[in-house]
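Notes to accompany the following structure.
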Amino acid sequence: MVKQTIQIFARVKPPVRKHQQGIYSIDEDEKLIPSLEIILPRDLADGFVNNKRESYKFKFQRIFDQDANQETIFENIAKPVAGSVLAGYNGTIFAYGQTGSGKTFTITGGAERYSDRGIIPRTLSYIFEQLQKDSSKIYTTHISYLEIYNECGYDLLDPRHEASSLEDLPKVTILEDPDQNIHLKNLTLHQATTEEEALNLLFLGDTNRMIAETPMNQASTRSHCIFTIHLSSKEPGSATVRHAKLHLVDLAGSERVAKTGVGGHLLTEAKYINLSLHYLEQVIIALSEKHRSHIPYRNSMMTSVLRDSLGGNCMTTMIATLSLEKRNLDESISTCRFAQRVALIKNEAVLNEEIDPRLVIKRLQKEIQELKDELAMVTGEQRTEALTEAELLQLEKLITSFLEDQDPESRLEVGADMRKVHHCFHHLKKLLNDKKILENNTVSSESKDQDCQEPLKEEEYRKLRDILKQRDNEINILVNMLKKEKKKAQEALHLAGMDRREFRHSQSPPFRLGNPEEGQRMRLSSAPSQAQDFSILGKRSSLLHKKIGMREEMSLGRQEAFEIFKRDHADSVTIDDNKQILKQRFSEAKALGESINEARSKIGHLKEEITQRHIQQVALGISENMAVPLMPDQQEEKLRSQLEEEKRRYKTMFTRLKALKVEIEHLQLLMDKAKVKLQKEFEVWWAEEATNLQVNSPAVNSLDHTKPFLQTSDSQHERSQLLSNKSDVNARKILPSPCPSPHSQKQSSTSTPLEDSIPKRPVSSIPLTGDSQTDSDIIAFIKARQSILQKQCLGSN
Ligand code: ADP
Ligand code: MG
C-alpha cells in the first residue's frame, strides 16, 4: 500500500498580450517547498480585497513557469504516475483552472504542432513503449473516454455517435455494487493493442466532442472529459491478474459567477458556474477536514466516477493551470486556494489483484485428472465416462437378488466404482418410488454394514469421492460464470458486427478536402499492421465523411462558397502549414525508405561477398593442400567492418522512420480534426446566410444578380463588415480578415441601413436541405449584398 497526499503542481500559461510585469513571482529555493506569490497591483489591492492584502503566497510541489514545454510537463508530472500505473496502482491526473488557462493544452495538447502533444498522447506512447520492453508479463490495454455535461455522462467512443446526436445516445449511468464499487453502464471499453490504435481513439473522441458542441452547449468549457487507460497484467501461468486505471481528466472551466461584488470586493462565496465543480469542491472540503465521516461523493456524477481518485485507492495529481494576467487575478487566486485544499487529501493506493476464473478452472481440471489417476491406481481399473449396457444389466440383477435375499448379512457388492454406486442408488430410488414399500433404514443399515466391513478402503474412497464432488460443484459454478461472460462477449461482438456492417455499408468514396496525403498514408503503414490500420483509418474517414456532410452532395454554389470560406478561414494557415510539414515528412520518409532498402541490399551483398570469400579460401586450401587460416584476412576484416557500419546505419534510419511514422499519424489526425471544425463552422455560417436570405429576399431580388463574386481583399473586407453586426461570435471568428481601408473602423461600427432593418430569426428555423436552388439563391444573395456594400464603400471614399 502506498499512502500519499494528492500532489499539486502549478503551470503558468504564456500571456496572450505583452507580459504584465510584477504580477507574480516564483520562489524555487532548492531547500524549501516552491511557492508562487501573486502580487496585486496597487489599484486592484485597494478595492478588490477587503483587507487590502497586497500579495498571496501558495505552495506547490513544483511550479512550471510560462516557458515550460510539454516535454517537461510530461517528464515531471505524468511519467511518475504512468510508472505507478504500470506497476499496478490506479492513477489520476486532473487539470483545474479557469477557461483559457491551458487545461486542454496540458492534458490533450495543442492542435497545431506535433511538439505540442499533451499528456495523453505522450503517456500512451510511454506506456506502450514500456509494455513492449517487458516480456515477463502479458498485458492488455483498453481505452474509454467519458464526457460529463450537465450531470449526464456520454460515451465519446460510442460507435453510434456517427449516426446520432449526443442527446439521442444512451446516457452513461452509475451502478454501485454491494461492495460500493462503481460501475459505469453504457461506457464502452475499446481494446488498443498499439499506440496508434489508442491515439486514434483519442482523436475519435475529441472529434465527436467537437461535433456535439454547439454555441448553446459550449461543451469544451462546461463539460468534463475523462480519458481512461485500463491496464491489466498477469504473469504467464498465474491465475492472478492485476488491474490498474489511469484517469486523465480535463475539467470544466472553474470560473465562478459574481467575481466581484459591489465596490469591487471579492466575494468569497462566489459560486461555480458548473454544478459538478461545486460538488467537487464540497467533496474536497469534506476530505480535507479532519473527523468528517460522511463524504458527499454521491451528489454528482463526476465525484462518483472519481471517487477512488479523491481520498481513495489511487495516486492522484492535480495541475492548477493559471493565466496570470491582471483581469484574471481573482480566478487565479481561487484556483490556488482550491489546490491548497486538495493538497491536504490523503490517498491510499493498493495493488488491485484478482483471480481469473478461467485459469482456476484449468487448475481444477488438472487436479481432477490427477485424482482420477490416483483412483485408477487404488482400484486397479481405468474408468470410462458411462457404464455399458451389460454392466447395467448385471447391476440390476445384483440389486434384485440383493433385495430378495432374506439374509440380513447380505451385501450389495459393486466394488469401488462411483458410477456403479450411483447407478445402484438411482435404481433403488426408482424401485422405492415404484413400489413404495421399501423402508428407509434397510438401505442405511446395509451401507452401515459395508462401512464396518471395509473400513480402510471405504475411508479412502469416501475421501476421494468428497473431493471429486466438491470440485464438480466448483466447476459448475465457474462454468456458469464463464457462460455468462461468454454471452456478454457474444452480445458485444454482435453489436460490433452490426457496427461493422453499417460501416461497410457506408463506405462511399472518402471525403477529401483536396488532400494528397490520404492516399499516401495507406502506403506508409508497415505490412503486418496494415489490416488494422485500414480498419481504423476507414472508421475515421467514414466518421469525417458522415460528419462533414458529404461534400459530393453539396451544390456547386455551396462548394464554391465553401472553397472561399476555407481560403479565408484563420485555420487554413495552420492546415496549410501542417500540409506542408506533412509533405516534407512524407518525402523524408520516402527518402529514408529508399535509403533503408539500399542499406538492406548492401548488407545482403556484403554478407554474400564474405561467404564467397570463405568458399574461395576453402577451395584454395584444398587445391594447394594448405590449412584454411583461422583468422579472417585483411580483406575480410574490411568487409566485416563495412557490414557493421551498414547495419548501424540501417538501424538508425529505421528508428527515425518509426518516429516519423508516429509524427505523420499525429499530424494527419490533427488535420482531420481541423477539417471537421472548418466544415462545422461553415455550416453555421451558411445557416446564418440562409436566414438572412429569407428575411431579405424582396430587397435582394431587386438587385443586380449578375455581379461577379469578388475575390479580392476588398471582398473580404466587405464580408467581414457584413458579419460585423452579427451577434454570433462564430460568424466573426470565421471571417477574420481585417479591413484594409482606413474607413473600416467607422464602417464596422456604423451598420448599414440594410443590416439594421433585418430582423433576426433563429437559425434553427431555416431548414438546410442542401437543395441546390436554395443554395444558389444564397450565393446570389451574398454576392448581391457585397456589391451593395462595395458601392457604399466606394461612395464614402
Ligand atoms: P482551457 O482548456 O483551460 O480552456 P486551452 O488549453 O484551450 O484552455 O488554452 C487556451 C489557449 O491557450 C489555446 O489556444 C492554447 O493553445 C493556448 N495555450 C494554453 N496553454 C499554453 C501554453 N502553455 N503554451 C502555449 N499555448 C498555450
Ligand atoms: Mg479546454
> Excluding ligands and nucleic acids, what accessible area in Å² is computed for Val618 using a 1.4 Å probe, to the nearest 10?
Replying inline: 70
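Highest mean first, what order results for 85-91, 165-171, 365-371 on Cβ atoms within 10 Å? Intermediate values should be presented prior to the final figure.
Numbers: 85-91: 22.0, 165-171: 13.9, 365-371: 12.3.
Those peptides, ordered most packed to least, come out 85-91, 165-171, 365-371.
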> Alpha carbon centre of segment 632-670 versus segment 142-193: separation in Å?
Replying inline: 44
> Between segment 277-294 and segment 69-97, what is the C-alpha centre distance in whole Å?
Replying inline: 24
>> For the pair Glu37/Glu413, report the inter-label distance in nm, with labels modelled 7 Å from Cα in the Cβ direction.
In response: 10.3
>> Quick check: pseudo-label points 7 Å beyond the Cα along Cα→Cβ at Leu351 and Asp633, how many nm apart are they?
In response: 6.1
> Whole-Hz Karplus ³J(HN,Hα) for segment 679-690, in order, using 6.51 cos²θ - 1.76 cosθ + 1.60 and θ = phi - 60°, x for Gly and Pro?
Replying inline: 4, 5, 5, 4, 4, 4, 4, 4, 4, 4, 5, 4
> Roughly what would the spin-label model give for Thr193 and Ile475, points 7 Å off Cα along C-beta, in nm?
Replying inline: 3.2
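If each residue of separation counts as 0.36 nm, what is the full-extension length gain between Gln365 and Arg341 once their alpha-carbon separation is subtracted?
Details: separation 24, 0.36 × 24 = 8.64 nm, distance 5.39 nm.
Result: 3.2 nm gained on full extension.
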> What figure in square angstrom, to the nearest 10, would you give for the accessible area of Ser144 with a 1.4 Å probe?
Replying inline: 0
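Given the pairs Lys79/Lys579; Lys290/Lys346; Lys566/Lys590; Lys234/Lys484; Lys245/Lys488; Lys185/Lys245, which span a C-alpha to C-alpha distance of over 20 angstrom in this model? Present the calculation step by step, with values, prior to reporting the outcome.
Details: Lys79/Lys579 31 Å; Lys290/Lys346 11 Å; Lys566/Lys590 30 Å; Lys234/Lys484 23 Å; Lys245/Lys488 22 Å; Lys185/Lys245 17 Å.
Among Lys79/Lys579; Lys290/Lys346; Lys566/Lys590; Lys234/Lys484; Lys245/Lys488; Lys185/Lys245, the Cα-Cα distance tops 20 Å for Lys79/Lys579; Lys566/Lys590; Lys234/Lys484; Lys245/Lys488.
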> Using 0.36 nm per residue, how much length does the chain from Ile138 to Lys436 gain when fully extended, once their Cα-Cα distance is taken away?
Replying inline: 101.2 nm
>> So, R0 is 60 Å and r is the distance between the beta-carbons of Glu374 and Arg656; what FRET efficiency does that work out to, to 0.05?
In response: 0.45
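How charged is the neighbourhood of Arg11? Take every other residue with its Cβ under 10 Å from the Cβ of Arg11, and add Lys/Arg as +1 and Asp/Glu as -1. Spell out each step's value before the answer.
On the way: positive: Lys13, Arg62, Lys103; negative: Asp65.
With Lys, Arg at +1 and Asp, Glu at -1, the net is +2.
FRET efficiency for Glu289 and His426, Cβ-Cβ distance as r, R0 = 56 Å, nearest 0.05? Let's see the in-between values first.
Numbers: r = 68 Å, r/R0 = 1.21.
Computed FRET efficiency for Glu289 and His426 comes out at 0.25.
The values are calculated or read from the model by the stated rules, or taken from the named source; none is laboratory data. All of these numbers come straight from a predicted model, not from anything done at the bench. Here the Cβ is made from the backbone with ideal geometry for all residues, glycine too, and neighbour counts use every protein chain on show. These accessible areas exclude ligands, DNA and RNA; they are computed on the full protein's heavy atoms, side chains included. Shrake-Rupley method; radii C 1.70, N 1.55, O 1.52, S 1.80 Å.
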